Amino acid sequence: MPKNPEAMLDDLLEKAQLLLNEVTDWAEKRLLGLLGLARRFMTPVQRESGMLAFVLHRVTGLFLLAYLFIHIATVSTVNFSQRDFDDLMEILVSPPFLLFDVALFGAVLFHSINGIRITLFDAGVGTRHQKGLFWGVLVLSGLLLMAFLYALAPLLAKAGSRGG
Amino acid sequence: MTPSLDLLDANPPAGSPAYGAPAAIPGLYRESGMRPWLMQRVSGVLLVVFVAIHWWTVHYAVLPQVLTVENISIRLKTLLFIIVDMGLIGTTIYHGLNGLRNIIVDMRIWPEATASITRTLHAIGIATFAYALFALGPFLVR
């Protein structure tokens, strides 16, 4: 027996309500997960060098992953015009991009050296000195970054003399 | 005592698993096994070598010059550099996307969908590698 329009509308509204409940439950669960993570980060007992190393490793990792996609996209422009590619490379050695290179190199250094530190811990080496080793990672990254800046100086001077 | 499963609980009771029993969150630990963990370490160590060679040859050894299609092609005429560049592309994509997967699994953003997320990241990785080969093509055939 066919339902009357009013009953069909009620049925439809009930289904829409159930769907909305499911969507809001799902969103609430996700949001609580993110809030939980933020709260764990903000909990003072965890705001120590171990946590800082963990967060820095992830932030630099995400930055490098984003850069990987940008880098592949930039190189792929050679397929469309080789002259445009050469012009683009000329732009990429201008001072603003060289400063970006410094940030990139810093992220690569920290992520690599801290990655070695993590791998050593996984092998059971040096876990007792994890905090000291973290500060060692920061100092070594800083020193190598300074060496990189020293090597980059001629290129910066050249870019500067061209008027940037 | 029942282990705490509250996602907001920053300090679980002493003696309980850190953030809930593994079996209590479907898909969380089942899909995050030994192999991705080991491969993340292996690809990381390889990357240190590949990135060092790449940076040195591309950005330091030719520092006074600006990179052009011409001088990049000369480098990519050598089998060693072709192997290094291909290895670098493959390991970087694997290491980056596996790292992203680790973060997603660790943050428990969507634990039930871990297997689907893994498959999606595999597809993104293969597509990115194919596009990277396309990007390098003109340097290799010159």
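The values are calculated or read from the model by the stated rules, or taken from the named source; none is laboratory data. Note that the structure is a prediction, hence the values are computed from the model and not measured. Heads up, the Cβs are rebuilt from the backbone with ideal geometry, glycines too, and the neighbour counts pull from every protein chain shown.
Here is a list of conditions, (1) facing chain A (nearest Cβ under 7 Å); (2) at pLDDT below 90; (3) assigned to a helix (DSSP H, G or I), and B:TYR131 meets all of them except one; can you say which number that is? Of the numbered conditions (1) facing chain A (nearest Cβ under 7 Å); (2) at pLDDT below 90; (3) assigned to a helix (DSSP H, G or I), the odd one out for B:TYR131 is (2). Can you find a residue in the range B:95-113 that is surrounded by fewer than 13 Cβ atoms within 10 Å (Cβ to Cβ) and more than 11 Å from chain A (Cβ to nearest Cβ)? No, that holds for no residue.
Which one is surrounded by the most Cβ atoms within 10 Å (Cβ to Cβ), of the residues in the range A:87-125 that are of a type in the set (D, E, K, R) and within 18 Å of B:VAL51 (Cα to Cα)? If we take residues in the range A:87-125 being of a type in the set (D, E, K, R) and within 18 Å of B:VAL51 (Cα to Cα), then A:ARG117 is surrounded by the most Cβ atoms within 10 Å (Cβ to Cβ). Of note, B:ILE89 does not satisfy the criterion of being at pLDDT below 90, facing chain A (nearest Cβ under 9 Å) and either assigned to a helix (DSSP H, G or I) or at positive phi (or both). Inspection of the range B:49-67 finds a residue satisfying the criterion of being at pLDDT below 80 and crowded, with 18+ Cβ neighbours inside 10 Å. Contact map, the range A:126-151: residues that are loosely packed, with under 14 Cβ neighbours inside 10 Å paired with residues that are assigned to a helix (DSSP H, G or I) and of a type in the set (D, E, K, R), Cβ distance under 8 Å, separation 6+ or inter-chain. Pairs shown: A:GLY126/A:ARG117. Taken residue by residue, the range B:101-119 has at least one member that is out of contact with any Cys (no Cβ under 8 Å at 6 or more places or on another chain), among the aromatic types (Phe, Trp, Tyr) and farther than 26 Å from B:THR57 by Cα.
Might you let me know whether the range A:53-69 holds any residue that is among the basic types (Lys, Arg), within 17 Å of B:HIS95 (Cα to Cα) and out of contact with any Leu (no Cβ under 8 Å at 6 or more places or on another chain)? Yes, because at least one residue in the range A:53-69 is among the basic types (Lys, Arg), within 17 Å of B:HIS95 (Cα to Cα) and out of contact with any Leu (no Cβ under 8 Å at 6 or more places or on another chain). The residue that is surrounded by the most Cβ atoms within 10 Å (Cβ to Cβ), among those in the range B:114-142 that are over 28 Å from A:GLN82 (Cβ atoms) and polar (S, T, N, Q), is B:THR114. Across the range A:77-91, not a single residue is classified as assigned to a loop (DSSP other than H, G, I, E, B), within 20 Å of B:SER43 (Cα to Cα) and within 13 Å of chain B (Cβ to nearest Cβ).
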